[in-house]
1. Could you list, in sequence order, all residues of region 231-244 that are open to solvent by 40 Å² or more (accessible area, probe 1.4 Å) and at pLDDT 95 or above?
2. The conditions are (1) surrounded by fewer than 21 Cβ atoms within 10 Å (Cβ to Cβ); (2) in contact with a Leu (Cβ under 7 Å, 6 or more places away or on another chain), and Thr187 fails exactly one of them. Which is it?
3. Return the only residue of Lys134, Lys165, Lys159 being of a type in the set (Lys, Arg), under 29 Å from Pro79 (Cβ atoms) and over 17 Å from the mean Cα position of the chain (by Cα).
4. In region 265-287, which residue that is small (Gly, Ala, Ser) and within 20 Å of the chain's Cα centre (by Cα) is farthest from Ser87 (Cα to Cα)?
5. Taking only region 273-295 into account, find how many residues are of a type outside the set (Gly, Ala, Ser) and out of contact with any Ser or Thr (no Cβ under 7 Å at 6 or more places or on another chain).
6. Just need a number here: residues in region 71-130 that are under 17 Å from Ile161 (Cβ atoms) and of a type in the set (Ser, Thr, Tyr).
7. Of all residues in region 160-174, which are closer than 18 Å to Val116 by Cα and surrounded by fewer than 17 Cβ atoms within 10 Å (Cβ to Cβ)?
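The values are calculated or read from the model by the stated rules, or taken from the named source; none is laboratory data. Just so we're clear, the structure is a prediction, and the values are computed from it rather than from any experiment. Neighbour counts run over all protein chains shown; Cβ positions are idealised from the backbone, glycine included. Side chains are part of the model used for accessible areas, which takes the heavy atoms of the whole protein and leaves out ligands, DNA and RNA. Shrake-Rupley method; radii C 1.70, N 1.55, O 1.52, S 1.80 Å.
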Amino acid sequence: MVRRTDRTHRSGGAGANGGARLRRAAAAAAALAVAAPLTLGAAADAGAAGVAGPAAVPGAVRVAADHPIVFARYTAAAPVEDLYAISPAGGAPVKLTHTPTVSDVMPSWSPDGKRVAFLRYGAGGAIDGIWTMKSTGGDLKPVPGTQGASDLAWSPDGKRIAYSKPVGTQRELYVADIDGTPATRLTHTAADEFHPTWSPDGGQLAFSRADASGLSRLMRIQLSTLAQTPVTLSGSHDWTPDWSRGNRIVFSRVDSTGFAHLYVVRPDGSGLHRITSARANDKYPSWSPDGRRLVFTRGGTDDADPEHLFLVRADGTAPTQLTKAGSHDLEADWRP
């Protein structure tokens, strides 16, 4: 085995506290194109809440039409990650990809719910790039020019994808059409830019900017002018923002407690408030389509500590555990 690429240094603190994750060495490049067909339930396909019966495509699976949540999962026994989907009402997660020699991570729904974009890690933990797959089964497509990319986000109009990519020793933000061209570099700084998230109108991105000391703040960039504006103060530990349709940004912050908690802020930096306060690391938040709830990952101080998906109301009340296996459940994205 080789070391798992550590994405949690951007997750709101787990990287500061957590141990290295293990990743199995991946096999030949031909294996990168292999994944089981799947169906991520459109209303016409899935019917009632919960996991439906066998899909029309042989080997396919179906997930309920109630805006399912897609996420990445690995276990200590099976450290290669696959993508799963689960109804926000609960129930057993459905495994969507079956790639025993490569890892599929960081899923992002298309705005119409018909495709999922994700990262695929190839041999030795190298990032093969961004792929998309059809929700009705198969049809895997690589996004050209995205080798080494991370932190992808599908635009609200469904035409573009934003991501972070290394340039020399730094990571910068890019945006490209969904076919990978033309790729436009958005940032040119000595810092690292991570985890872009789109404004509801598609005109801006919020993202995390990390300096050499490991501190990170939230920024906004106007795509038409590339003008950048701070959202949170310097000297913070702010990671993994997600911008709601209701024009609020949720993110994970390592605060004075030493734990990562979820905070909400307006795009202009006003109205900052904390919404979780457990003695645990809360990270990777994603808004529900109506902006009333959030899904996020809780736990994970090291590989021996499972990480579960939780739901919480936008005001921080009624936290509910959604997944309960002894696994690491990460990077959830709630279908629009």
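1. Leu233, His237
2. Evaluating Thr187 over (1) surrounded by fewer than 21 Cβ atoms within 10 Å (Cβ to Cβ); (2) in contact with a Leu (Cβ under 7 Å, 6 or more places away or on another chain) leaves (1) as the failure.
3. Lys134
4. Going through the qualifying residues, I end up with Ala280.
5. Matching residues across region 273-295 total 9.
6. 2
7. Within region 160-174, none qualify.
Yes or no, residue by residue, for (1) over 26 Å from Arg266 (Cβ atoms); (2) at pLDDT 95 or above:
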{"site": "Pro156", "(1), (2)": "no, yes"}
{"site": "Ile161", "(1), (2)": "no, yes"}
{"site": "Ser164", "(1), (2)": "no, yes"}
{"site": "Asp177", "(1), (2)": "yes, yes"}
{"site": "Thr181", "(1), (2)": "yes, no"}
{"site": "Leu186", "(1), (2)": "no, yes"}
{"site": "His195", "(1), (2)": "no, yes"}
{"site": "Asp201", "(1), (2)": "no, yes"}
{"site": "Gln204", "(1), (2)": "no, yes"}
